[in-house]
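Derivation of every value follows stated rules applied to the coordinates shown; laboratory data play no part. Everything numeric in this text was worked out from a predicted model, so none of it was measured. Glycine also receives a Cβ, built like all others from the backbone with ideal geometry; neighbour counts cover every protein chain displayed.
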Amino acid sequence: MENTKRPILETVNLNKAFYLGEAVYAVNNVNIQVMPGEIAIIVGPSGSGKSTLLSLLGGLDRPISGDILINDKSIVKLNEDELALMRRKNIGYVFQFFNLIPHLSALENVELPMSISGMARNEARERARFLLDEVGLTPRSHHRPDQLSGGEQQRVAIARSLANKPAVVLADEPTGNLDSKTRDMVIELFCRFNETEKQTFVLITHDTSLTSYAHRVISMMDGKIEDIEVRPR
Ligand SMILES: Nc1ncnc2c1ncn2[C@@H]1O[C@H](COP(=O)(O)OP(=O)(O)OP(=O)(O)O)[C@@H](O)[C@H]1O
Ligand SMILES: [Mg+2]
């Protein structure tokens, strides 16, 4: 059975270039697979294409060529509405710069994806409270993003990404602004959700201590995959 398992995420000859005078291939012929229930991490120097790859995987950006498969279904030809629905159903995303809604409180930011998905208000509020508690932010529930520290905003973004119990959580430097204690709390949370909810995590990190939790380590350099290390589970 194990050997016939299909990837939950896969790219095939994926390319993304930015044109500023000349073409910069931020993602250059990338082929990766992530299996269901894995914690995969993407490492590489600044500018190597990690955020660009993650936004392509999440359907937030479009490749110039190649394919992206989520549960064996290509997402590159979906229109904007279909992409939005695919994201809502499958993907939780933690942005490198958080992207919280400025006029909403921490609690309301976490509730929002559930309201959009049509969850009943009470249920959404209860789950938002639970998730904020999981990231240690119950005392900050009613603060707006500009009343929160960077690390607190990051944790709200993490709670929000988990709101709809997505099969795949894509997180760009989710522990980048956290002290070691808070970082350990977040890693423990990811590992626990990975175990109990069987959620797949793809994390970008500069933090080499995170590699010890990973089932797959994807190394990037100049837009290309330099190395993929699969760890026995
Ligand atoms: N919108 C854009 N327009 C032009 N070039 C871009 C754009 N976004 C990214 N790039 C370029 O693509 C390359 C990869 O950028 P990316 O943000 O994916 O790197 P990264 O690995 O996430 O870096 P970091 O660790 O600093 O976050 C860089 O050379 C960057 O300058
Ligand atoms: Mg980045």
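Could you tell me which numbered condition Leu69 fails, if it satisfies all but one of (1) in contact (Cβ under 8 Å) with a residue 12 or more places away in the chain; (2) part of a loop (DSSP other than H, G, I, E, B); (3) farther than 23 Å from Glu173 by Cβ?
(2)
Restrict the check to segment 98-111 and report whether at least one residue is closer than 19 Å to Pro7 by Cα and either part of a strand (DSSP E or B) or touching a residue at least 60 places away in the same chain (Cβ under 8 Å) (or both).
The first filter runs over segment 98-111 and keeps only residues closer than 19 Å to Pro7 by Cα, leaving none.
No - not one qualifying residue is present in segment 98-111.
Determine which single condition Gln154 fails, assuming it passes every other condition in (1) in a helix (DSSP H, G or I); (2) within 16 Å of ligand 2 (Cβ to nearest atom); (3) of a type outside the set (Lys, Arg); (4) in contact with an Asp or Glu (Cβ under 7 Å, 6 or more places away or on another chain).
In the conditions (1) in a helix (DSSP H, G or I); (2) within 16 Å of ligand 2 (Cβ to nearest atom); (3) of a type outside the set (Lys, Arg); (4) in contact with an Asp or Glu (Cβ under 7 Å, 6 or more places away or on another chain), Gln154 misses (4) alone.
Can you tell me which of (1) away from ligand 2 (no atom under 16 Å from the Cβ); (2) crowded, with 18+ Cβ neighbours inside 10 Å; (3) within 17 Å of Gln33 (Cα to Cα) is the one Ala171 doesn't meet?
Going through (1) away from ligand 2 (no atom under 16 Å from the Cβ); (2) crowded, with 18+ Cβ neighbours inside 10 Å; (3) within 17 Å of Gln33 (Cα to Cα) one by one, Ala171 breaks only (1).
Taking the condition under 22 Å from Gly223 (Cβ atoms), of a type in the set (Val, Ile, Thr) and without any contact (Cβ under 8 Å) to a residue 40 or more places away in the chain, does Val76 pass? Steps first, answer last, please.
Numbers: under 22 Å from Gly223 (Cβ atoms): yes; of a type in the set (Val, Ile, Thr): yes; without any contact (Cβ under 8 Å) to a residue 40 or more places away in the chain: yes.
Yes, satisfied.
Among the numbered criteria (1) surrounded by 14 or more Cβ atoms within 10 Å (Cβ to Cβ); (2) aliphatic (A, V, I, L, M); (3) outside any helix (DSSP H, G or I), which one does Ala128 miss?
(3) is the only condition that Ala128 fails.
Scan Ile91, Ile41, Ile70 and give me the residue that is under 30 Å from Arg231 (Cβ atoms), aliphatic (A, V, I, L, M) and within 16 Å of ligand 2 (Cβ to nearest atom). Break it down into steps so the answer makes sense when it comes.
On the way: Ile91 fails: within 16 Å of ligand 2 (Cβ to nearest atom); Ile70 fails: within 16 Å of ligand 2 (Cβ to nearest atom).
Sole residue among the options that is under 30 Å from Arg231 (Cβ atoms), aliphatic (A, V, I, L, M) and within 16 Å of ligand 2 (Cβ to nearest atom): Ile41.
Please verify whether Ser141 is surrounded by 20 or more Cβ atoms within 10 Å (Cβ to Cβ) and either closer than 23 Å to Ile70 by Cβ or in contact with a helix residue (DSSP H, G or I) (Cβ under 6 Å, 6 or more places away or on another chain) (or both), treating the condition exactly as stated.
Working: surrounded by 20 or more Cβ atoms within 10 Å (Cβ to Cβ): no; either closer than 23 Å to Ile70 by Cβ or in contact with a helix residue (DSSP H, G or I) (Cβ under 6 Å, 6 or more places away or on another chain) (or both): yes.
For Ser141, the condition - surrounded by 20 or more Cβ atoms within 10 Å (Cβ to Cβ) and either closer than 23 Å to Ile70 by Cβ or in contact with a helix residue (DSSP H, G or I) (Cβ under 6 Å, 6 or more places away or on another chain) (or both) - is not met.
Test each condition in (1) under 23 Å from Phe193 (Cα atoms); (2) among the polar types (S, T, N, Q); (3) out of contact with any strand residue (DSSP E or B) (no Cβ under 6 Å at 6 or more places or on another chain); (4) within 11 Å of ligand 1 (Cβ to nearest atom) for Ser46 and report the one that comes out false.
(1)
I need the full set of residues from segment 191-233 which are within 15 Å of ligand 2 (Cβ to nearest atom), part of a loop (DSSP other than H, G, I, E, B) and of a type in the set (S, T, N, Q), in order please.
Result: Thr205, single match.
Can you run down the residue pairs with Cβ atoms below 9 Å, 6 or more apart or on separate chains, where the first is in segment 14-33 and among the hydroxyl-bearing types (Ser, Thr, Tyr) and the partner is part of a strand (DSSP E or B)?
Close Cβ pairs (under 9 Å, with a partner that is part of a strand (DSSP E or B)) amount to Tyr25/Asn15; Tyr25/Lys16; Tyr25/Ala17; Tyr25/Phe18; Tyr25/Lys224.
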